[in-house]
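Contents: one structure, followed by commentary.
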Amino acid sequence: MSELPSERTLRRLASFRAVRAGVLSLYLSFGPAVHGKRRNIRAAVDAALDRLSESPLTERQRTGLERERTNVHRIFGRRFKPSGRSMVLFACEPRGLWELFQLQVPSLSIARFAERPAVSQLASILDEQERYGVLILDKERARILSVYLGEVEDEVTRKSGYSGRTAAGGWSQARYERRREGQLHTHIMKAIDALASEQQRRGFDRILIGGPDEALAALLGALPRGLRARVSGTFSCELSASGQTVLRRTRKLMEAAERNGEDVVVGHVLNAAKSGGLATIGWEETLPALLEGRVHKLVLVDRLRHRGRSCPRGHVAAGRARVCSRCQEHVGANHDLTEAAVGAALDTQASVEMVRGSAAQRLRTEGGIGAILRY
Ligand SMILES: [Zn+2]
């Protein structure tokens, strides 16, 4: 199992060439894990490879694909434990390439066998994912976790000596309180320093803060504007909580933040398209724009499947017409227009954003697809 994919992984894969053989690129998405139930990953892989071998391939490619299938079977036998929401594999045995990632984020299911790895979707996943800084405070320490692709990728703990304990005897209550407040202030400022330096090192897109109420209130009040603007939620948590517990406590906050972002994108697409701006909604407008390379960002309802027929220019054909009513080109067979749309987006360096929740509901009334245009 490879590590989480990074920008370096992406660059390495992007420069990989299979030369005479081919490289298998496989993205598989799974529904939410059903506890105690084993996913039949091998069946899912086989179905994807079967569909791939029905596509136009040369004899040499077909032989290469079957060789990779044998290796894939060996790996996805009994011992393989799927642990993510999606799986990404790049394999080319003749050139010693085997990169397998399990991601805690969804991807679109794609299978390709070609000279170069299909890295665009991986690029789009890495690009779309936000990196979270999770700061957890207690009375003495600050712990900062960096969460990326649904996993804790790094963490640091800073001790700053606000004891909160009873001071040595002889002090008046007021003096003790002042000292304690002073210590709390020092502790908070040190925690903020630590957060600021991690922010600089990691570039968090959003920040979540956990800890006891008193410390949370003091921290939020003292955060400089740049950091405060990134705070998208607070939660209660023990400093000593495991990484898994922190992930569980923050998941809802992260999902809510993502949904908010998707609402903004879909709102922008709908408003712009309806006021004649640089956006399209619906298949009729979006598919031709994709094929013309005019799309900057394709916005799709997650797991949307749309079968239909279109001409090579992406005009969706109604009924059984064999000739496109708009451009007179030949209309192709019924197939998955979602794959066609995503393929066209990746081929033209457009990003792909999959939306869920309320954003998906709004977009679904417009066919489930829309785009922000370059021109
Ligand atoms: Zn047409």
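The values are calculated or read from the model by the stated rules, or taken from the named source; none is laboratory data. Quick caveat: nothing in here was measured; it's all calculated off a predicted structure. As a convention, Cβ positions derive from the backbone with ideal geometry for all residues, glycine included, and neighbour counts pool all protein chains shown.
Overview of results
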{"item": "When residues of segment 343-352 are limited to those that are touching a Lys or Arg at 6+ places or on another chain (Cβ under 8 Å) and either among the β-branched types (Val, Ile, Thr) or not in a loop (DSSP other than H, G, I, E, B) (or both), the one farthest from the ligand (Cβ to nearest atom)", "result": "Ser351"}
{"item": "Qualifying positions in segment 43-59 - over 27 Å from the mean Cα position of the chain (by Cα) and under 15 Å from Asp336 (Cα atoms)", "result": "Glu54, Ser55"}
{"item": "In segment 42-79, the residues that are hydrophobic (A, V, I, L, M, F, W, C) and surrounded by fewer than 16 Cβ atoms within 10 Å (Cβ to Cβ)", "result": "Ala43, Ala47"}
{"item": "Qualifying residue in segment 91-107 (condition: touching a Ser or Thr at 6+ places or on another chain (Cβ under 8 Å), under 22 Å from Arg8 (Cβ atoms) and of a type in the set (Lys, Arg))", "result": "no"}
{"item": "Failed item, numbered, when Arg313 is tested on (1) closer than 30 Å to Val134 by Cα; (2) touching a helix residue (DSSP H, G or I) at 6+ places or on another chain (Cβ under 7 Å); (3) basic (Lys, Arg)", "result": "(1)"}
{"item": "Number of positions in segment 308-339 that are away from the ligand (no atom under 15 Å from the Cβ) and either buried (at least 21 other Cβ atoms within 10 Å of the Cβ) or of a type in the set (S, T, N, Q) (or both)", "result": "2"}
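Residue-by-condition table, conditions (1) within 12 Å of the ligand (Cβ to nearest atom); (2) crowded, with 21+ Cβ neighbours inside 10 Å; (3) under 28 Å from Glu255 (Cβ atoms):
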site: Ala273; (1), (2), (3): no, yes, yes
site: Gly293; (1), (2), (3): no, no, no
site: Leu300; (1), (2), (3): no, yes, yes
site: Arg303; (1), (2), (3): no, no, yes
site: Ala341; (1), (2), (3): no, yes, yes
site: Met354; (1), (2), (3): no, yes, yes
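Each row is one residue, and each column tells you yes or no for (1) farther than 30 Å from Gln199 by Cβ; (2) outside any loop (DSSP other than H, G, I, E, B); (3) free of Cβ contacts under 8 Å to residues at least 24 places away in the same chain; (4) in the same structural domain as Ile369 (by TED's automatic domain parsing).
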position	(1), (2), (3), (4)
Arg248	no, yes, yes, no
His268	no, yes, no, yes
Ala272	yes, yes, no, yes
Thr280	yes, yes, no, yes
Leu300	yes, yes, no, yes
Arg320	yes, no, yes, yes
